[in-house]
Amino acid sequence: MSQPVPPPHQPQQPYGGRPAEGNPYAGQPTQPQAPTGNPYGQQPPAPTGNPFGGQQPGPYGGAPFAPAPPSAPARNNIALGVLAAFGAAIVAGILYGVIAGSIEREIGYAAVGVGFLVGFASSKVGGSHPVVVGAAVLFALGAVYLGQLVGMSMVMADVAQASFSEVFFGHFDTVTRFWKEEADFMTYLFLALGPIAAIGGAKKAG
C-alpha cells in the first residue's frame, strides 16, 4: 500500500522554519539554552584566608588568633626576695628586742613570729627559689639574735641608768660578751625557732 503523496504546496510554518525529516519540532524557533555547569561560575571567587589580611588565620581557616594577654611579671626575683628578707629581719628583730626588753624575758612565740614574718615576706616577693628561702633562714636567725641583743641592751641601760643608744652602740662588745655569759638552752632554742618558722612562712607564701 503506497504512502499518500503530500500536496505540492505546503503552507509556510508560522516562524518561517522548515521542519527537518523525522523531527516535528525542528522548525520551531530556537529556545534559549539553559545555563550549564555552575550557575555561579562567573562570580568572582570568594576571598580566601583571613578577611582582615593583617592577622594570621587560625589553624583551621577560622577566626584569627586573639593576641595573647601580657604575662604577669615573674615573682621569682631573687634580688628583691633577698632584700625583702633583710628588711623584714631588721624590723622584726627590733620589735622582738623591744618586747623582750620591756618584759625582761624572751617569748618563744615571738621568736616564731619573727622567723615566719621573714620567710613569708621574702617568698612573697621573690618566690620559692632556694636562694631566697636560704636567705630567709639566715636572716631569721640574725633577726632573733638581734632581738636578744636589743632586749639585753634595754635591760642593761635600765640598770646603768644610761640611754639605750649609749649601751647598744657605745658598748656593743660588752653587750655581746654579756649575751654569751647569760646564754642558756632556751636562748639557743629561740635562735633555732626563727629559722624553722622562716621555712614555714616561705612555704605559706609560695
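Could you rank the peptides 104-117, 161-174, 122-135 by their average count of other C-beta atoms within 10 Å per residue, with the highest value first?
122-135, 104-117, 161-174
How long are the three semi-axes of the equivalent ellipsoid for the stretch 78-205, computed from the Cα gyration tensor as the root of 5 times each eigenvalue, in whole Å, largest first?
Taking √(5λ) for each eigenvalue gives 28, 14, 11 Å, largest first.
What percent does the relative contact order of the stretch 78-205 come to when contacts are Cα pairs within less than 8 Å and at least six residues apart?
With pairs under 8 Å counted, the relative contact order is 40 percent.
So what's the gap between the Cα centers of the stretch 137-206 and the stretch 82-111, to the nearest angstrom?
Result: 8 Å between the Cα centres.
Once you wrap a convex hull around the alpha carbon atoms of the stretch 79-152, what is its projected area averaged over all directions, in nm²?
Averaged projected area of the stretch 79-152's Cα convex hull equals 3.9 nm².
Could you check the spin-label model distance between Ala183 and Ser102? Points 7 Å from the Cα along Cα→Cβ, value in nm.
Here the answer is 2.7 nm between the modelled labels.
Using 0.36 nm per residue, how much length does the chain from Ala192 to Asn77 gain when fully extended, once their Cα-Cα distance is taken away?
Difference between extended and current length: 38.7 nm.
Any read-out appearing in this document is the output of simple, stated calculations on the displayed coordinates, not a laboratory observation. Keep in mind that this is a model prediction, so the values were computed, not measured. Positions of Cβ are backbone-derived with ideal geometry, glycine not excepted, and every protein chain shown enters the neighbour counts.
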